Amino acid sequence: MRASTTSKKIKSPPKLKQKHAFDAQAFLDSAGVARKVKDFKRTEVVYAQGDAAESVIYLQSGGVKLTVVNEVGKEAVVAILGPGDFFGEGCLAGQSVRIGTATAITPTTVLVIEKHEMFKVLHEEHDLSDRFIRFMLARNIRIEEDLVDQLFNSSEKRLARTLLLLARYGRDDQPHGLLPKVSQEVLAEMVGTTRSRVNFFMNKFRKLGFIKYNGGLQINTSLLSVVLHE
């Protein structure tokens with residue numbers, strides 16, 4: 001007599017759901033986050049030096065220039081920010097007033113998040129806090145690099161590096177190449193040189209094919225050769 005056999009159907013293990021990358025923009029846009037959406041025209045001030053520091057701002061679209069004015073009225077450009085950047089975060093570290101001025105350099109949309117709300121979401125939403133920490137670390141690295149750049153590099157190299165940074169070179173999550181509208185005066189302030197020197201180097205870069213004017217300022221990644229050249 002042949003023993004009867006029964007075949008058992010083996011269940012395949014349940015498929016793990018793929019975890020999607022955290023979308024900070026979608027989260028900040030959600031109804032659960034208390035925030036204000038504000039639009040600014042070009043040259044309009046987002047906040048001024050000396051204003052009460054009561055919120056963190058997320059740059060949704062456009063561009064913002066951060067400047068500081070010293071006691072004798074001399075203004076310096078300390079950063080140009082693009083979509084996906086935070087600014088005004090000093091309020092989280094105890095700053096009661098803004099230490100600089102934020103000005104829109106193109107038509108700009110921002111999300112204004114009140115300080116207490118930012119503390120709340122950073123505590124509760126770990127993916128957002130991770131993104132925010134990465135941003136702050138990258139900002140600190142950038143400040144250190146800017147200091148080294150000012151101390152050791154020529155104005156030509158500093159201008160080339162500034163243009164590449166403004167074009168979001170090296171940022172995988174951002175489009176490259178096309179610069180927001182930034183005047184040569186602003187570039188001179190960022191680089192720490194005169195407008196005439198900036199004009200001279202810009203003409204040189206254009207003749208060498210590193211940049212071109214085509215409905216805006218187009219940056220070629222070959223401009224990196226100026227930065228790397230000893």
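Within segment 173-189, the set of residues being open to solvent by less than 70 Å² (accessible area, probe 1.4 Å) and at pLDDT below 80 comprises Q174, G177, L179, P180, V182. Out of curiosity, is K36 open to solvent by 40 Å² or more (accessible area, probe 1.4 Å), basic (K, R) and modelled with pLDDT of 75 or more? Spelling it out, K36 is indeed open to solvent by 40 Å² or more (accessible area, probe 1.4 Å), basic (K, R) and modelled with pLDDT of 75 or more. Residues in segment 190-198: is at least one more than 22 Å from T43 (Cα to Cα), modelled with pLDDT of 85 or more and assigned to a helix (DSSP H, G or I)? Yes, there is a match, as at least one residue in segment 190-198 is more than 22 Å from T43 (Cα to Cα), modelled with pLDDT of 85 or more and assigned to a helix (DSSP H, G or I).
Residues being modelled with pLDDT of 90 or more, closer than 20 Å to E189 by Cα, open to solvent by 20 Å² or more (accessible area, probe 1.4 Å) and in contact with a Ser or Thr (Cβ under 9 Å, 6 or more places away or on another chain) are entirely absent from segment 52-65. Being out of contact with any Asp or Glu (no Cβ under 8 Å at 6 or more places or on another chain), closer than 29 Å to L164 by Cβ and in a helix (DSSP H, G or I), is that true of even one residue in segment 96-103? Within segment 96-103, not a single residue is out of contact with any Asp or Glu (no Cβ under 8 Å at 6 or more places or on another chain), closer than 29 Å to L164 by Cβ and in a helix (DSSP H, G or I). Within this structure, V78 fails the test of being within 30 Å of F205 (Cα to Cα), open to solvent by 30 Å² or more (accessible area, probe 1.4 Å), modelled with pLDDT of 85 or more and among the β-branched types (V, I, T). H126 meets all of the listed conditions (1) more than 13 Å from V227 (Cα to Cα); (2) in contact (Cβ under 8 Å) with a residue 12 or more places away in the chain but one, namely (2).
Selection over segment 100-146 of residues that are surrounded by fewer than 18 Cβ atoms within 10 Å (Cβ to Cβ) and of a type in the set (S, T, Y) gives a count of 3.
The values are calculated or read from the model by the stated rules, or taken from the named source; none is laboratory data. Predicted model, so just to flag it, every value in this text is computed and none were measured. Every residue, glycine as well, gets a Cβ built from its backbone with ideal geometry; the counts of neighbours run over all protein chains shown. Side chains included, ligands, DNA and RNA excluded: accessible areas come from the protein's heavy atoms. Shrake-Rupley method; radii C 1.70, N 1.55, O 1.52, S 1.80 Å.
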